[in-house]
Amino acid sequence: MSRSQPRLPASYRLVPHDTIGSTNDEAKRLARGGAEEGTLVWALEQTAGRGRRGRGWASPPGNLYASLILRPRCPVDQAAQLGFIAALAIGDTLSSICGRREGLSYKWPNDVLLRGRKIAGILLEAELGAGAAPEFVVVGVGVNLVLSPRDTVFPATSIAEEDLGIISPGAALESFARHFQAWAEHWCKEGFGPVRAAWRSHAAALGESIRVHLEPTTLHGRFLDIDQHGALLLESAGEIRHISAGEIFPASR
C-alpha cells in the first residue's frame, strides 16, 4: 500500500493491503494466530467481500473495507453490542466528514442507512473460547464512499452518489477508528445504556410496521424498541417477541 497511512489511536495496529479476499477472513486468521486486540485489517479492494448470511458484497476500490480484532471480556451475547457501537462510529464518521447528519439512520441490527438506502454494513464474527467470553470478535465494516452495489436485497447508495463530496478511504478509516474507540470506552465504563439511547434516537422504522426475516420464517408486526441487550422487540399477533437475530424490511416490501 503506497499511499500515506491514516493516523490511528495508539492502541490500534494497522495491517494494510491493496487487495485482499476478505478483511474479515484475514482478521480471523490473524486472531487465531494470537494477534492483539486493536489489530485493524484495511484493504483498498476486496475480491471476496461478504455481508451477513454469507451474501457476496461488491468491493471495488474507493470504498472503505476494514476489520478490527477485539478480545472483549464479556459473554458472547453482550459482545454482540459491538455492532451497535460500530454503527454509531460510522454515523459519527459520516456526519463529521460530510458536515451533516440529516438522513442518517441505523437499521437493526447492523446497517447504516442514508435517506433510506444502505450506505454501510457491519459484520460481526466471533469464535468461542473455553469460558463464557469469546476468544475474539472481528468487527468488519464496509462503507460505500464512491460506489454502491446493485441488485441487492436492500437498496444501497454511496456518499458520492448522494452528492455529499469525496471522502478518501484513509480519511474515513481514521475517523471511524477514533469514533469507535470513544464509543467502546463509553460502553466499557457505562454499559449498553448510552449506546442504546444514541442508536435508537436515529433508529430506522422504529414504531413502524415491519417484516422480520428469520430462518426459515418471516414475522410481521410493529417495531416497538430494542431491549437492554440489543434484541428487537416486535409486537406481533398480540405478543411481544424478543428477536436477537434476523433481517428487517418495511411491511410493504
- [ ] Would you point out which residue out of LEU214, LEU147 is hydrophobic (A, V, I, L, M, F, W, C) and under 30 Å from LEU233 (Cβ atoms)?
- [x] LEU214
TODO: Quick one: which residue in ALA245, ALA198 is open to solvent by less than 30 Å² (accessible area, probe 1.4 Å) and in contact (Cβ under 8 Å) with a residue 60 or more places away in the chain?
DONE: ALA198
- [ ] Determine if region 126-149 includes at least one residue that is open to solvent by 40 Å² or more (accessible area, probe 1.4 Å) and within 15 Å of the chain's Cα centre (by Cα).
- [x] yes
Open item on the list: Scan region 167-190 and tell me whether some residue there is polar (S, T, N, Q), out of contact with any Ser or Thr (no Cβ under 8 Å at 6 or more places or on another chain) and under 25 Å from PRO9 (Cα atoms).
Closed with: yes
Open item on the list: For region 10-25, give me each residue that is outside any loop (DSSP other than H, G, I, E, B), open to solvent by less than 30 Å² (accessible area, probe 1.4 Å) and not hydrophobic (A, V, I, L, M, F, W, C).
Closed with: THR23, ASN24
Open item on the list: Would you confirm whether or not region 93-101 contains a residue that is polar (S, T, N, Q), under 23 Å from GLN228 (Cβ atoms) and either in contact with a Pro (Cβ under 6 Å, 6 or more places away or on another chain) or open to solvent by 40 Å² or more (accessible area, probe 1.4 Å) (or both)?
Closed with: no
Task: Residue list for region 95-125, filter: assigned to a loop (DSSP other than H, G, I, E, B) and not basic (Lys, Arg) - done: GLY99, GLU102, GLY103, TRP108, PRO109, ASN110, GLY116
TODO: Check off (1) free of Cβ contacts under 8 Å to residues at least 24 places away in the same chain; (2) in contact with a Pro (Cβ under 6 Å, 6 or more places away or on another chain); (3) open to solvent by less than 20 Å² (accessible area, probe 1.4 Å) for ALA231 and give me the number that stays unchecked.
DONE: (2)
Open item on the list: When you check GLU208 against the structure, is it touching a Phe, Trp or Tyr at 6+ places or on another chain (Cβ under 7 Å) and open to solvent by 80 Å² or more (accessible area, probe 1.4 Å), yes or no?
Closed with: yes
TODO: For region 177-191, indicate whether the set of residues that are open to solvent by less than 20 Å² (accessible area, probe 1.4 Å), part of a loop (DSSP other than H, G, I, E, B) and touching a Phe, Trp or Tyr at 6+ places or on another chain (Cβ under 8 Å) is non-empty.
DONE: no
Task: Condition check for ALA43: farther than 29 Å from VAL212 by Cα and surrounded by 15 or more Cβ atoms within 10 Å (Cβ to Cβ) - done: yes
TODO: Assess whether LEU206 counts as being touching a Pro at 6+ places or on another chain (Cβ under 9 Å) and either at pLDDT below 95 or under 19 Å from ASP111 (Cβ atoms) (or both).
DONE: no
TODO: Taking GLU235 as the residue in question, decide whether it is more than 21 Å from ASP111 (Cβ to Cβ), in a strand (DSSP E or B) and not aliphatic (A, V, I, L, M).
DONE: yes
Task: From the options GLY83, GLY33, residue that is open to solvent by 10 Å² or more (accessible area, probe 1.4 Å), modelled with pLDDT of 95 or more and over 16 Å from GLU174 (Cβ atoms) - done: GLY33
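The values are calculated or read from the model by the stated rules, or taken from the named source; none is laboratory data. It should be emphasised that the depicted structure is a prediction, and the values quoted were computed from it without experimental measurement. Please note: Cβ atoms are built from the backbone with ideal geometry, for glycine as well, and neighbour counts cover all protein chains shown. Areas reflect the complete protein model, heavy atoms only, side chains present, ligands, DNA and RNA absent. Shrake-Rupley method; radii C 1.70, N 1.55, O 1.52, S 1.80 Å.
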